[in-house]
Amino acid sequence: MRLGIAHHLGWAVAVTATTDHRVADRRRIELVEPGVATAPIHHEGKGLDDAAAAELVARVRASATRATSAALDDLAAAVPEPMVSLSLRAWPADFPTDLATLRRVPYEARADSVMYRQVLAELARDRGWDVLFYDANDVEAKAAGLLGERADEILVGPRATLGPPWTKDHRIALAATVLAG
């Protein structure tokens, strides 16, 4: 099984597909526990001194690790075969890690999103899953190129067979699993 993720702040669309690109599971997963800040750097951390911001980020990251781990465990238990990969949107290799830099423009607008992706990647690796990255701007086109005549059936067809919701996030996540093959 291959898992594709289209994430947002604090939650994600997760689509699990078989090796022949059939959807085995689709769901929304929570990436942070209820009541916990979802954007500790971009929103909730503004106005805090560095020490308070670091403490907030550490609390949110710990919550994200717990919530995401539980979500991945639930998902893996729900599918009939072992998970082999997780695909998520790439972030720049040179993205900073020190909090002082992350709190400055242009990084502060993307730092929280990168944190969620880093947590997902770490947890997938801990489970022995391959971690693959995609560019959200072209993942559907690349998958369609690989699928050829089957592209619409595979990427759009689940809306008819599974019913709503089947959104752009679902297509992106599924397309990422196609590229993982």
Extension gain Glu55-Asp74, at 0.36 nm per residue separation less the Cα-Cα distance, in nm?
4.0 nm
One would report the antiparallel percent of DSSP beta bridges in the chain, rounded to the nearest 5, as 60 percent
A student asked for the Cα radius of gyration and Dmax of the range 35-85 in angstrom ought to give 15.3, 48
Specify whether the C-alpha gyration tensor of the range 76-181 places it in the rounded, prolate or oblate class, a ≥ b ≥ c being the square roots of the eigenvalues: rounded for a/c under 1.5, otherwise prolate if a/b is larger than b/c and oblate if not.
prolate
Rounded to whole Hz, the Karplus (6.51, -1.76, 1.60) HN-Hα couplings of the range 20-28, x for glycine and proline:
9, 6, 8, 6, 9, 7, 9, 6, 8
Whole-number percent relative contact order across the chain, with pairs defined as alpha carbons under 8 Å at least 6 apart
31 percent
Comparing Val36, Val119, Val13, which has the greatest mean-square fluctuation in the GNM of the chain with Cα pairs linked when under 10 Å apart?
Val36
Mean-square fluctuation check for the chain, GNM, Cα pairs under 10 Å: which of Leu162, Leu120, Leu99 is largest?
Leu162
Of the trypsin sites (Lys or Arg not before Pro) in the range 39-117, those whose Cβ has at most 12 other Cβ within 10 Å and which sit in DSSP loop
Lys46, Arg104
What is the P(r) of the chain, as percent of Cα-Cα pairs per 5 Å bin from 0?
1, 9, 17, 20, 18, 14, 10, 6, 3, 1, 0, 0
The chain: angle of helix 50-78 to the longest principal axis, Cα-based, in degrees nearest 10:
20 degrees
Across all Cα atoms of the range 82-129, Rg and the largest Cα-Cα distance (Dmax), in Å, are 12.6, 41
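Coordinate-derived values only; no laboratory data. Being a predicted model, the structure only gives us computed values, none of them experimental. Glycine gets a Cβ as well: all are built from the backbone with ideal geometry, and neighbour counts include every protein chain shown.
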